[in-house]
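K.L.:
Here it is, the structure in full.
The values are calculated or read from the model by the stated rules, or taken from the named source; none is laboratory data. If you're wondering where the values come from, they're calculated on a predicted model, not measured in any experiment. Positions of Cβ are backbone-derived with ideal geometry, glycine not excepted, and every protein chain shown enters the neighbour counts.
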Amino acid sequence: MAKNCIGLDIGSSSIKIVQVKEGKKGLTLLNFGIEPIPPQAIVDGAVMNQSAIVDAIRAVVTRLHVRQKDVALAVAGHSIIIKKIPIPPMPADQLDEQISWEADHHVPFDKEDVELDYEVLREDNGQGNMDVLLVAAKKDMVHDYAAVAREAQLNPLVVDIAAFAIQNAFEKSYGFPAGQAIALVNLGASISTLNIVQDGITMFTRDVTIGGNAFTEEIQKQLHVGYEEAEAYKVGSGALGGGDVVPQEVGRVLAQVSDLIAGELQRSIDFFLATTAGAEVERLYLGGGTAQVPQLRQAIERRAHLDVEVLDPFRNVFVDESRFDMPYLRAHSPIATVAFGLALRRPGDNL
Ligand SMILES: Nc1ncnc2c1ncn2[C@@H]1O[C@H](COP(=O)(O)OP(=O)(O)OP(=O)(O)O)[C@@H](O)[C@H]1O
Ligand SMILES: [Mg+2]
């Protein structure tokens, strides 16, 4: 059995690496690490400072003594289009051509500029059609991410979409409840990814360019402090904070921005509910670094009337407690969601 790829999540605030081993008894964690990258190295999901990212990847790979080269990466943001489309039933050998034709209608980019992929979700959607998930990602972006990995002397074998990596992570560590739609959300520093999944099938995805940076920027603005200080206030104000004194206004700002993000999520979920007959969503799982802002969980629960749970991708993974700093791992596990989903991929997998 081929080894799993290393999950390499290149985020706009940091690189995350997860390596797991799949054995008879399940998954074992081999490696987990985070390495910050400088601000502006990635902007709107696009690589702006390749060497800074390469340096960060090399630093974490060296620190963790990772020797394996095969990696799975993820892309996210506005350069990706994911659409569920109904297509009349047809033999597999005609699908390629049909999908290419459908893409002309559904993808707002030049066909020459995108990588196209698709997956048949259901052979029969109950209305005489198949449901096909169409995925288009800008070639430039996919190539830039792969180039970064190659520059860091790694071998990018799989380029996934963040929304699907979260879905795979959830499936492995929680499993999908039968007959219920759930919302999976990854809140990073600059991008929020939503994926509504029912019985393992993607129903709706949306990436919104808002995330943890919005909190930091608002603290900077309202408290007249610099970026570093604002970031420290934000992180220090939660249950995991280092005990430093955080001005009272910080809580108020965090609540304001939480409400804004919760409103965005609610609009996306409402749109899904309004356009999908009989759909119901009761529970939302939150991953990514920004999942740690306690006000945000409350705001989503209040706004969207959903139960919110913070994701722990390592929930079903064996972790040798003598090899890992357990308090660090527990505190950072939501941040590892995308990287963990990527670490489940094997060479040669597609979507
Ligand atoms: N304990 C904490 N409390 C509040 N915010 C936190 C905490 N830990 C991390 N964050 C925030 O989480 C964000 C980083 O999360 P993550 O690593 O998931 O983002 P990223 O992958 O780098 O970014 P993106 O995917 O948006 O490009 C930062 O905005 C950081 O300030
Ligand atoms: Mg991220």
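K.L.:
Looking only at segment 160-185, which residues are surrounded by fewer than 20 Cβ atoms within 10 Å (Cβ to Cβ) and among the aliphatic types (A, V, I, L, M)?
P.N.:
Ala178
K.L.:
Going through segment 294-305 one residue at a time, which ones are hydrophobic (A, V, I, L, M, F, W, C) and at pLDDT below 95?
P.N.:
Hit for segment 294-305 is Ala304, nothing else.
K.L.:
Output the number of residues of segment 275-288 satisfying the condition of being surrounded by fewer than 16 Cβ atoms within 10 Å (Cβ to Cβ) and modelled with pLDDT of 95 or more.
P.N.:
Going through segment 275-288 one residue at a time, the tally reaches 1.
K.L.:
Something else now. Consider Ile17 carefully, then state whether it is within 25 Å of Phe318 (Cβ to Cβ) and buried (at least 21 other Cβ atoms within 10 Å of the Cβ).
P.N.:
Yes; evaluated as a whole, the condition is true for this residue.
K.L.:
State the number of residues belonging to segment 8-34 that are within 13 Å of ligand 2 (Cβ to nearest atom), out of contact with any Asp or Glu (no Cβ under 9 Å at 6 or more places or on another chain) and outside any loop (DSSP other than H, G, I, E, B).
P.N.:
Going through segment 8-34 one residue at a time, the tally reaches 4.
K.L.:
Ok, one more. If you scan segment 77-115, which residues turn out to be assigned to a strand (DSSP E or B) and surrounded by 14 or more Cβ atoms within 10 Å (Cβ to Cβ)?
P.N.:
Once the filter is applied, which keeps residues that are assigned to a strand (DSSP E or B) and surrounded by 14 or more Cβ atoms within 10 Å (Cβ to Cβ), segment 77-115 yields Ile80, Ile81, Ile82, Lys83, Lys84, Ile85, Ile87, Val114, Glu115.
K.L.:
Can I ask one more? Any idea which of Ala59, Ala74, Ala46 is within 16 Å of ligand 1 (Cβ to nearest atom) and buried (at least 22 other Cβ atoms within 10 Å of the Cβ)?
P.N.:
One residue alone meets the criteria, Ala74.
K.L.:
Wholly within segment 239-351, which helices (runs of 4 or more DSSP H) include no fewer than the required count, namely at least 3 residues that are closer than 17 Å to Asn195 by Cβ?
P.N.:
248-275, 337-343
K.L.:
Could you count how many residues in segment 49-63 are within 16 Å of ligand 2 (Cβ to nearest atom) and closer than 12 Å to Val148 by Cα?
P.N.:
Final tally of qualifying residues: 3.
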